[in-house]
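Novice: One structure coming up, written as structure tokens, with questions to follow.
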């Protein structure tokens, strides 16, 4: 049984982010990849949509310049033949401020011949914003209590 | 081929939220259900973790008192025999303020004998907070540009 494409991609992505070694990840991205990281792009310019291998490699380099991954815990996972989805909690450091950031995210990935064809990633962006700012935003209570 | 549990659950959930008809959803929730909606619980008390059918029915009632669903677009989906994950965009109205809210979310669900056994849901919480507040929060740019 061959290894699922997700595991190889995940190792290569973390190697790219933490060691700035981009050789492995480069070989695992489809030329026509579609890539969307949904999040506050005004705060973190590496969020947003990208199309094509060159643009995606650029954005991975940008992420590597901004964060280090300390650990990640995969809380839920679904694997298909050429697809994968998981919910994970990441512990990161923001490199400019040296702030620790812990954030939950969900991703949906599709692969073609072992290479990433599509990635959509969503995260608990308010949790991220508060930690990146380093202070709570003191939200008003909006919903009616039961 | 029988219908996937997700579709029945999804219809019953929307009926509960929009029509306050809880009979269908009640029959589709396992007694020992585990339920986590990750999001800003200080703003919306219906976020957070619940355990057991009674607690989950309570929280669905609380959601029904706070929002109406106008439409949802399923952007990505994975289905397993007794599991499902999807990324969706929801268009809602917050009932107290009559504000329209559009938010992307991801959920992972597990079913047992057609009933919901586990649900984890994550959403683009910053996007939600901004719309619920009705104003942008003017975030500083944190990340280095490439």
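Novice: Just wondering, is there one or more residues in the stretch A:2-21 that are surrounded by fewer than 15 Cβ atoms within 10 Å (Cβ to Cβ) and part of a strand (DSSP E or B)?
Specialist: No, every residue in the stretch A:2-21 fails to be surrounded by fewer than 15 Cβ atoms within 10 Å (Cβ to Cβ) and part of a strand (DSSP E or B).
Novice: Still on this structure, please answer the following. If you take the residues in the stretch A:106-131 that are at the interface with another protein chain (Cβ under 7 Å from one of its Cβ atoms) and part of a strand (DSSP E or B), which one is farthest from residue B:107 (Cα to Cα)?
Specialist: A:120
Novice: Then there's this: Of (1) facing chain A (nearest Cβ under 8 Å); (2) outside any helix (DSSP H, G or I); (3) surrounded by 16 or more Cβ atoms within 10 Å (Cβ to Cβ), residue B:92 satisfies all except one. Which?
Specialist: The number of the failed condition is (1).
Novice: Something else about it: Look at the stretch B:66-89 and say how many of its residues are without any contact (Cβ under 8 Å) to a residue 40 or more places away in the chain, over 24 Å from residue A:118 (Cβ atoms) and either buried (at least 19 other Cβ atoms within 10 Å of the Cβ) or facing chain A (nearest Cβ under 9 Å) (or both).
Specialist: Within the stretch B:66-89, residues that are without any contact (Cβ under 8 Å) to a residue 40 or more places away in the chain, over 24 Å from residue A:118 (Cβ atoms) and either buried (at least 19 other Cβ atoms within 10 Å of the Cβ) or facing chain A (nearest Cβ under 9 Å) (or both) number 1.
Novice: Moving on. Given the conditions (1) at pLDDT below 95; (2) outside any strand (DSSP E or B); (3) touching a helix residue (DSSP H, G or I) at 6+ places or on another chain (Cβ under 8 Å); (4) farther than 29 Å from residue B:109 by Cβ, report the number of the one that residue A:25 does not fulfil.
Specialist: Every condition holds for residue A:25 apart from (1).
Novice: Same structure again: Any chance the stretch A:40-52 includes a residue that's more than 7 Å from chain B (Cβ to nearest Cβ), in contact with a strand residue (DSSP E or B) (Cβ under 8 Å, 6 or more places away or on another chain) and either within 30 Å of residue B:111 (Cβ to Cβ) or in contact (Cβ under 8 Å) with a residue 24 or more places away in the chain (or both)?
Specialist: no
Novice: Here is a further query. For residue A:108, all conditions in the list (1) touching a helix residue (DSSP H, G or I) at 6+ places or on another chain (Cβ under 8 Å); (2) buried (at least 19 other Cβ atoms within 10 Å of the Cβ) hold save one; what is the number of the exception?
Specialist: (1)
Novice: Could I ask something else about it? Name the single residue that is surrounded by the fewest Cβ atoms within 10 Å (Cβ to Cβ) among those in the stretch B:47-60 being within 11 Å of residue B:26 (Cα to Cα) and under 15 Å from the mean Cα position of the chain (by Cα).
Specialist: B:58
Novice: Exactly one condition in (1) out of contact with any helix residue (DSSP H, G or I) (no Cβ under 7 Å at 6 or more places or on another chain); (2) part of a strand (DSSP E or B) is false for residue B:138; which is it?
Specialist: (2)
Novice: Among the residues of the stretch B:58-88, write down those that are in a helix (DSSP H, G or I) and either within 30 Å of residue A:83 (Cα to Cα) or touching a strand residue (DSSP E or B) at 6+ places or on another chain (Cβ under 7 Å) (or both).
Specialist: B:59, B:66
The values are calculated or read from the model by the stated rules, or taken from the named source; none is laboratory data. None of the values given here were measured: they were computed from a predicted structure. Cβ: placed from backbone, ideal geometry, glycine included. Neighbour counts: every protein chain shown.
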